[in-house]
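Below: one structure, written as structure tokens.
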Amino acid sequence: MPGRSEEILVFAAASLTESLQELGRSFETATGNSVRFSFGASSDLARQIRAGAPADVFFSADTARMDELEQDSRVSRGDRREFLSNSLVVIVPAASSFRMREPRDLRSLPRIALADPDAVPAGIYAKKWLEAEGLWEKLSARVVPTLDVRAALAAVETEAAPAGIVYKTDARVAKGVRMVYEVASKPEIVYSLARISDSRKKAAADFVRFLESREAAAVFKRYGFVLRVVD
């Protein structure tokens, strides 16, 4: 006999918005359960969970935020899944004439939008890349920090900033920007997914398993994510 349907609340990084909305609909159709989402900066979402927000599942754009929740016993090490990756790209408004061949070309820009490099995973990854290229000290004063990666994307789409550093998946869903450079090396971007330990809903664990399925992998790939090989 079918079990009682449940509603789960999923806190997830802003960069996962479109892919998870699509997968949420598929999960609802297949199971009869309901999925609600709260998208935002992983740092803000983790803070809300630590403060007692009633999330059932957390999907972070980095492992550090999940580490914090694990240390607070909000998630269990055995429940964590880290199978998804992404890449950074430099974007400009669609009508911009800016061209970029190498990272140091960024020095010609007056401003660069990116998610808060002191707190938000997309910004932290961008800062690490610029540091590795020896550019952070030269460019840090020109950085326009934003609430999350989608806000950085919006700043470039509206031409409030002449360029930005975002995830490739975000650039792919935007119509008002174009990619001028893709970061092909480090830092490695690792998303972390887990059921919140306080959640006793079966649907929460089922949704995590569903996101690891072949069906979900095909959706993530279509949106530009990279599936990591997990040992």
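The values are calculated or read from the model by the stated rules, or taken from the named source; none is laboratory data. Everything numeric in this text was worked out from a predicted model, so none of it was measured. Here the Cβ positions follow ideal geometry from the backbone for every residue, glycine too, while neighbour counts run over all protein chains shown. Note: areas computed on protein heavy atoms with side chains; ligands, DNA, RNA excluded. Shrake-Rupley method; radii C 1.70, N 1.55, O 1.52, S 1.80 Å.
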Evaluation of ALA154 against (1) without any contact (Cβ under 8 Å) to a residue 60 or more places away in the chain; (2) assigned to a strand (DSSP E or B) (one fails), failing number
(2)
Here the residues within the stretch 190-231 that are in contact with a helix residue (DSSP H, G or I) (Cβ under 7 Å, 6 or more places away or on another chain), assigned to a loop (DSSP other than H, G, I, E, B) and surrounded by 23 or more Cβ atoms within 10 Å (Cβ to Cβ) are ILE196, PHE225
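Provide a single number: the residues in the stretch 106-135 that are farther than 22 Å from ARG65 by Cβ and either surrounded by 15 or more Cβ atoms within 10 Å (Cβ to Cβ) or at pLDDT below 95 (or both). Walk me through it before giving the result.
We begin by selecting, within the stretch 106-135, every residue farther than 22 Å from ARG65 by Cβ; these are 106-112, 133-135.
Still in the list and also either surrounded by 15 or more Cβ atoms within 10 Å (Cβ to Cβ) or at pLDDT below 95 (or both): 106, 109, 111-112, 133, 135.
Looking only at that region, the number is 6.
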If we keep just the residues of the stretch 143-183 that are under 18 Å from the mean Cα position of the chain (by Cα) and of a type in the set (Lys, Arg), which is most open to solvent (accessible area, probe 1.4 Å)?
ARG172
Determine whether the stretch 127-147 contains at least one residue that is of a type in the set (Val, Ile, Thr) and either under 30 Å from GLY78 (Cα atoms) or touching a residue at least 60 places away in the same chain (Cβ under 8 Å) (or both).
no
Which one of the conditions (1) more than 16 Å from the chain's Cα centre (by Cα); (2) touching a residue at least 40 places away in the same chain (Cβ under 8 Å) does ALA64 fail to meet, given that it meets all the rest?
(1)
